[in-house]
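Right, one structure below, let's go through it.
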């Protein structure tokens, strides 16, 4: 088996699923989370970014030291902006024979990784504009196996869901307006909203007093239950990015319909009016009729977005 060093963001169950699929592709995977996932570091990041970055640099240095004698065909980063240029240079020099590959599922406006690009043989991003501006590869996100081919519900059940972080005041306002719309139209809307203390303080300063929010992530079982028992997903993308969210890709593969504010989907091969509704300026007037529409091809699987095909493009 080929050896692959994987340094990446630990995000729900997605990272573990990537490791499993890489092993199926014939790689012996060694994984390191790109940042410690504990409450202390989350708080430290919020109250003192400078001290947090110093601790993070030490954490990365320890990873580099641990791996310096090991040999890898591929060094794969899922996000890299948290690595200092000194540390990325050090790990590159120690593994100069390895192929360095980077994938970013954030816009460069959100996490600036431009200075890191020269250290990689291949760079991929989910953001179409960034791909063009930075002359790197465009690759949309993926769907893990458990969301593929879920049971199909009757469309008249009118069940919509949302799972996501309140990353901005705009997203919170959009969700609250959608909740009100669904209530007035007898559309069942189930949602899970997570929030950081920083964003919560921002909401309070803007006169919003959020309820039904969590400071932790949704459990895998709860998420699977929400998507399984819904016909449609509500997707309100971060305005700073043009890349398609995980919600869009997952729900395509799961056979669910999509309500989104990302008008770029209108130009995609996967777009069809029975499957995707684009809303503008929080105008939800067409949602009620859309959620009742039957899919023209309910058995379509969108295999090009399955995780195994995504990773084949990355490692090959």
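Take every Cα pair under 8 Å in the chain that's 6+ residues apart, average their separations, divide by the length, and report that relative contact order as a whole percent.
Relative contact order of the chain: 17 percent.
Volume per residue, Å³, of the convex hull around the alpha-carbon atoms of region 223-316? Could you put the intermediate results ahead of the total?
Working: hull volume 11.4 nm³, N = 94.
Enclosed volume per residue, from the Cα hull, is 122 Å³.
Mind giving me the nanometre distance, one decimal, between the label points for residue 165 and residue 294, set 7 Å out from Cα along Cα→Cβ?
Between residue 165 and residue 294, the label points sit 4.1 nm apart.
What does region 64-106 give for Rg and for Dmax, in Å, if only its C-alpha atoms count?
Reported Rg and Dmax, both Å: 10.4, 32.
Considering only C-alpha atoms, what is the centroid distance from region 212-273 to region 81-157, in Å?
Between the Cα centre of region 212-273 and that of region 81-157, the gap is 19 Å.
Using 20 Å bins from zero, what percent of all Cα-Cα pairs in the chain falls into each bin?
Pairs per bin, as whole percents: 30, 57, 13, 0.
Provide the packing ranking of 115-123, 243-251, i.e. peptides ordered by the mean count of other C-beta atoms within 10 Å per residue, highest first. Write out the running numbers ahead of the final one.
On the way: 115-123: 16.4, 243-251: 24.1.
Listed from highest to lowest mean packing, they are 243-251, 115-123.
Calculate, in nm to one decimal, what residue 179 and residue 202 gain on full extension: separation in residues at 0.36 nm each, minus their alpha carbon distance.
Numbers: separation 23, 0.36 × 23 = 8.28 nm, distance 2.09 nm.
Fully extending the segment from residue 179 to residue 202 adds 6.2 nm.
Highest mean first, what order results for 305-313, 159-167 on Cβ atoms within 10 Å? Kindly include the intermediate steps, with their values, before the conclusion.
Details: 305-313: 17.6, 159-167: 20.3.
Highest to lowest by the protection proxy: 159-167, 305-313.
At 222 nm, what helix-only mean residue ellipticity would the chain give, in deg cm²/dmol to the nearest 500, using -39500 (n - 2.57) for each DSSP H run of four or more?
Details: 11 runs with 111 residues, N = 316.
That calculation yields -10500 deg cm²/dmol at 222 nm.
Within region 114-130, whose backbone N sits under 11 Å from a point 7 Å along Cα→Cβ of residue 11?
Output list for this probe position: 126-127.
Compute the length gained on full extension between residue 1 and residue 273: take 0.36 nm times their separation in residues and subtract their Cα-Cα distance, giving the result in nm to one decimal. Intermediate values should be presented prior to the final figure.
Numbers: separation 272, 0.36 × 272 = 97.92 nm, distance 4.49 nm.
Stretched fully, the residue 1-residue 273 segment lengthens by 93.4 nm.
Taking the Cβ of each residue in 171, 202 as the centre, tally the other Cβ atoms inside 10 Å and list the residues starting with the fewest.
On the way: 171 20, 202 16.
Going from sparsest to densest Cβ surroundings: 202, 171.
On full extension of the chain, what length is gained from residue 190 through residue 28, given 0.36 nm per residue of separation minus the C-alpha to C-alpha distance? Numbers along the way, then the final one.
Details: separation 162, 0.36 × 162 = 58.32 nm, distance 3.98 nm.
Length gained between residue 190 and residue 28: 54.3 nm.
Using Cα-Cα distances under 8 Å and only pairs 6 or more residues apart, what relative contact order does region 149-300 have, in percent? Provide the component values of the computation, followed by the final result.
Numbers: 207 pairs, mean separation 42.0, N = 152.
Relative contact order comes out at 28 percent.
Among 268, 294, which comes first, second and so on when ranked by fewest other beta-carbon atoms within 10 Å?
Numbers: 268 14, 294 10.
The most exposed by this proxy come first: 294, 268.
Based on the Cβ-Cβ distance from residue 219 to residue 97, what FRET efficiency comes out when R0 is 51 Å, to the nearest 0.05? Mind showing how you got there, number by number?
On the way: r = 41 Å, r/R0 = 0.81.
Between residue 219 and residue 97 the formula returns 0.80.
Once you order the gyration tensor axes a ≥ b ≥ c over the Cα atoms, which shape class does region 1-143 get: rounded for a/c under 1.5, otherwise prolate or oblate by comparing a/b with b/c? Spell out each step's value before the answer.
Details: a/c = 1.31, a/b = 1.10, b/c = 1.19.
Rounded, since a/c falls under 1.5.
Quick one: if the Förster radius is 30 Å, what FRET efficiency do residue 54 and residue 209 give, using the C-beta to C-beta distance and rounding to 0.05? Kindly include the intermediate steps, with their values, before the conclusion.
On the way: r = 36 Å, r/R0 = 1.18.
With a Förster radius of 30 Å, E is 0.25.
Largest first and to the nearest Å, give the Cα extent of region 149-300 along each principal axis.
The Cα atoms of region 149-300 stretch 46, 32, 30 Å along the principal axes, largest first.
Order by neighbour count: 195, 299, 182, fewest other Cβ atoms within 10 Å first, most last. Let's see the in-between values first.
Working: 195 18, 299 8, 182 21.
Final ranking by Cβ density, sparse to dense: 299, 195, 182.
Could you check which residue among 237, 174, 62 shows the biggest mean-square fluctuation in a GNM of the chain with a 10 Å Cα cutoff?
Checking each option, the largest mean-square fluctuation is seen for 62.
Here, each number is a calculation from the coordinates, and none is a lab measurement. Source: prediction; values computed, not measured. Ideal geometry is used to build each Cβ from the backbone, glycine not excepted, and the neighbour counts take in all protein chains shown.
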